[in-house]
Amino acid sequence: MVEALSRNEAKQINLSSVCTFISGYPFKSENYAKIGKYKLYTIKNVQNGFIESNVDNFLNNIPNDMDSNCLLSFMDILVSLTGNVGRLGLVYDDNCLLNQRVLKIIPEKDLFCWIYTLLQNNTFLDYAVKVATGTSQKNLSPTQVGNFPIIVPNHNYLKKFNNIAEPILRKICLNYKENLDLQKKRDYLLPLLLNGQVIIR
């Protein structure tokens with residue numbers, strides 16, 4: 001059963017009041033590699049509710065002037081800013097870099113699950129499409145994302161919510177990561193099996 005929040009139990013603010021925004025780095029195409037140490041996450045990788053781990057380009061070196069926050073971590077929140085704006089996903093892979101036109105959102109402590117759940121709601125997607133500019137291709141700015149109005153409950157409510165939501169979100173990301181690891185092992189072993197280089201016993 002969902003509890004109704006009274007005015008004393010919650011407040012309405014803008015997203016920018018409780019989040020930090022990191023814009024992706026404008027990597028140069030001449031530095032791209034077909035295979036490399038780092039995956040380059042672009043707007044194509046941010047799908048509806050998940051991150052597509054397959055990428056078109058890699059990099060072997062990180063630019064000296066790149067913000068360290070553009071090296072993504074497990075369960076980072078990403079939002080697409082161009083094209084199908086407002087798409088959201090959580091990072092689950094390793095050694096991934098944040099490209100331009102993808103936004104990383106860093107909520108304040110204890111607000112991660114709450115913010116992610118709010119942004120997964122169609123209300124945010126509708127807002128993003130409405131405020132985005134451009135005719136042939138929509139563009140959303142970090143400022144516009146930050147202006148999104150949200151409701152933040154008090155500490156006690158957040159604690160109850162986090163006790164339920166945090167294990168679920170973590171489990172989802174761990175499952176994605178495990179599936180990705182299994183795919184990598186399959187792609188490595190299958191050619192060896194077909195060539196007779198390994199034998200199943």
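The values are calculated or read from the model by the stated rules, or taken from the named source; none is laboratory data. Since the structure is predicted, the reported quantities are computational estimates derived from the model, not experimental observations. Backbone-built Cβ (ideal geometry, glycine too); neighbour counts: all protein chains shown. Accessible surface is based on the protein model in full, side chains and every heavy atom, while ligands, DNA and RNA are left aside. Shrake-Rupley method; radii C 1.70, N 1.55, O 1.52, S 1.80 Å.
Numbers for the structure displayed
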{"item": "Number of positions in segment 128-146 that are out of contact with any Ser or Thr (no Cβ under 7 Å at 6 or more places or on another chain) and either of a type in the set (S, T, N, Q) or open to solvent by less than 50 Å² (accessible area, probe 1.4 Å) (or both)", "result": "12"}
{"item": "Of all residues in segment 117-131 being in contact with a helix residue (DSSP H, G or I) (Cβ under 7 Å, 6 or more places away or on another chain) and not polar (S, T, N, Q), the one that is farthest from Ile106 (Cα to Cα)", "result": "Val131"}
{"item": "Condition met for Phe74 (part of a loop (DSSP other than H, G, I, E, B) and either within 23 Å of Val18 (Cα to Cα) or small (Gly, Ala, Ser) (or both))", "result": "yes"}
{"item": "Restricting segment 173-193 to residues that are surrounded by fewer than 12 Cβ atoms within 10 Å (Cβ to Cβ) and at pLDDT 95 or above, the residue that is nearest to Cys113 (Cα to Cα)", "result": "Asn175"}
{"item": "Test: residue in segment 71-79 that is touching a residue at least 24 places away in the same chain (Cβ under 8 Å), under 21 Å from Ala10 (Cα atoms) and surrounded by fewer than 18 Cβ atoms within 10 Å (Cβ to Cβ)", "result": "no"}
{"item": "Flag for Phe124 being at pLDDT 95 or above, open to solvent by 10 Å² or more (accessible area, probe 1.4 Å) and either touching a Pro at 6+ places or on another chain (Cβ under 6 Å) or closer than 21 Å to Ser17 by Cα (or both)", "result": "no"}
{"item": "Residue satisfying all of: in segment 30-55; over 23 Å from Cys173 (Cβ atoms) and touching a residue at least 12 places away in the same chain (Cβ under 8 Å); surrounded by the most Cβ atoms within 10 Å (Cβ to Cβ) among these", "result": "Gly36"}
{"item": "Filter result (among the hydrophobic types (A, V, I, L, M, F, W, C) and out of contact with any helix residue (DSSP H, G or I) (no Cβ under 7 Å at 6 or more places or on another chain)) within segment 19-49", "result": "Phe27, Ala33, Ile35, Leu40, Ile43, Val46"}
